[in-house]
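*Asks:* One structure is given below, represented as structure tokens, and several questions about it will come after.
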Amino acid sequence: MTQPSDTATHLPIALGDETWRTDPLRLAVAAYLARYRGETRRHADSHLRVYLTWCQLGGLNPLQARRPHIEL
């Protein structure tokens with residue numbers, strides 16, 4: 001079973017010292033995933049990981065992405 005601490009280390013979000021505590025993307029990911037439990041949380045985590053990886057590969061800030069960016 002995936003624990004929240006395990007998931008956080010696998011998400012494609014740069015850490016860097018203690019900045020993770022105030023990083024808006026990290027906080028948004030934590031808030032989003034906190035709503036879910038069990039299989040639903042694992043499913044949400046999987047989709048979020050794919051989205052964040054896609055943004056990273058495309059050089060797109062996930063928090064600034066809008067519908068036209070995603071639909072391309």
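The values are calculated or read from the model by the stated rules, or taken from the named source; none is laboratory data. Because the structure is predicted, anything quoted here is derived from the model rather than measured. Note: accessible area is taken over every heavy atom of the protein model, side chains too, but ligands, DNA and RNA are not part of it. Shrake-Rupley method; radii C 1.70, N 1.55, O 1.52, S 1.80 Å.
*Asks:* Tell me, what HN-Hα J-couplings in whole Hz come from the Karplus equation 6.51 cos²θ - 1.76 cosθ + 1.60 at θ = phi - 60° for each residue of the stretch 23-33, using x for Gly and Pro?
*Replies:* Calculated HN-Hα couplings, in order: 5, x, 5, 4, 5, 5, 4, 4, 5, 5, 6 Hz.
*Asks:* Once you have the alpha carbon radius of gyration of the stretch 32-72, what is it after dividing by 2.2 N^0.38 Å, with N set to its residue count?
*Replies:* Working: Rg = 11.6 Å, N = 41, 2.2 N^0.38 = 9.0 Å.
Relative to the 2.2 N^0.38 Å estimate, the stretch 32-72 comes out at 1.29.
*Asks:* Please arrange His43, His69 by accessible surface area, largest first, computed with a 1.4 Å probe and ligands excluded. Working shown, then result.
*Replies:* Values: His43 115, His69 80 Å².
Largest to smallest exposure gives the sequence His43, His69.
*Asks:* How large is ³J(HN,Hα), in whole Hz, for each residue of the stretch 54-60 in order, when computed from phi with the Karplus curve 6.51 cos²θ - 1.76 cosθ + 1.60 and θ = phi - 60°, using x for Gly and Pro?
*Replies:* Residue by residue, the stretch 54-60 yields 4, 4, 4, 5, x, x, 10 Hz.
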